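The values are calculated or read from the model by the stated rules, or taken from the named source; none is laboratory data. Nothing here was measured: the structure is a model prediction, and the numbers come from that model. Every residue, glycine among them, receives a Cβ derived from its backbone with ideal geometry; neighbour counts consider all protein chains shown.
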Amino acid sequence: MEHPENDKEYKGLQVNGGVGSQPTVNPYRKSMPHHRRRQLTAGEYVEGILKGDVSVLGRAVTLVESTADEHQALAQEVIEKCLPYSGKSKRIGITGVPGAGKSTSIDVFGLHVLRQGGKLAVLAIDPSSERTKGSILGDKTRMEKLSQQKDAFIRPSPSAGSLGGVARKTRETIVLCEAAGYDNIFVETVGVGQSETAVHSMVDFFLLIQLAGTGDELQGIKRGIMEMADCIVINKCDGDNVDRAKLAAAQFRNALHLFPPTPSKWVPEVITYSGYYELGIDEVWGMIDRYFDYVKKTGYFETKRNQQAKYWMIETINEHLRNNFYHTPEVRALLEQKEMRVLNNEQSSFTAAKDVLDFYFDHMRAKG
């Protein structure tokens, strides 16, 4: 296209045509075949997992996290076949207020486990992933020492979906990791609220990391989370912070006396340590070992595992029913109508809900 600026009336002005579009760096790229990895069979997945093949384990976890129906069917088959080889690990939930040093603590706790000859899988439940589509463990440099160890498997949470869905997939991932020989499972949670409850429902031991010197030690964490904790550890007990950390520990011990006894009858302990300087790590882990010895001797270990298995069966049923209900097009259309009637004060919320449910059950009977 000719530039009007090159007209004779514009003396002394010249506009060049510029550079035309250039070919791609590799002109043969489009004609090259696209190689996709072959989907493994359930038997191949299980064989690889039982051998401890990290690549196959990673692919199996990706399969579990997939929302595609064919992937879910294959994933459930793999999980079922791995179940007899699972259940032999220590499942430890780790939570704490932001800035408490969870990543540093997991790094040093993990190295301690590996030095004792164990294998470790670190999983996460990220309650923010549904909003941000991000993943808490996406940056493995937060655990730079641990991420370099061959016997450590670090896996972020699924990057989307409801907390219930993410939690269920994390629980299924635990089964795969245990079948692959990981005898210690850390489940990390970030934030506060429901994510702690979800983690508590899939672990044997719940560790709360707290920080001293913030001025609001007891206000900085919810009572419900403290009641779930089997141990509270005060991090950054080093340098000028030692006295503050010990004072915070005393405050927490006093607060724990006000809570009712735990279901296991274990008395939660409060321990100070420094993740950065690796001080007191042996004491923290020694206490965790004492807890496991105690609950296995009393029978609470098996009782809690059985309760958790029942809980997740019911949760899975609830999730499938909820998804089926809200993904039925006829139900969604009726819901919109009923919402308008409720908002216009033409019908009560309760009768509107009953009408929608009655329609759904009639619809399901007709399909059956």
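Restrict the check to the range 96-114 and report whether at least one residue is under 16 Å from Y273 (Cβ atoms) and in a strand (DSSP E or B). Within the range 96-114, one or more residues are under 16 Å from Y273 (Cβ atoms) and in a strand (DSSP E or B). Pairing residues of the range 146-168 that are farther than 21 Å from E196 by Cβ with residues that are at pLDDT below 90, at Cβ distances under 7 Å and at least 6 apart in sequence or on separate chains, gives S147/K140. When A245 is tested against (1) touching a residue at least 24 places away in the same chain (Cβ under 8 Å); (2) of a type in the set (A, V, I, L, M, F, W, C); (3) touching a helix residue (DSSP H, G or I) at 6+ places or on another chain (Cβ under 9 Å), exactly one condition is not met: (3).
Residues considered: D53, D7. Of these, the only one that is surrounded by 10 or more Cβ atoms within 10 Å (Cβ to Cβ), farther than 25 Å from S201 by Cβ and at pLDDT below 95 is D7. Based on this model, can you work out whether E70 counts as charged (D, E, K, R), without any contact (Cβ under 8 Å) to a residue 40 or more places away in the chain, loosely packed, with under 14 Cβ neighbours inside 10 Å and not in a loop (DSSP other than H, G, I, E, B)? Yes.
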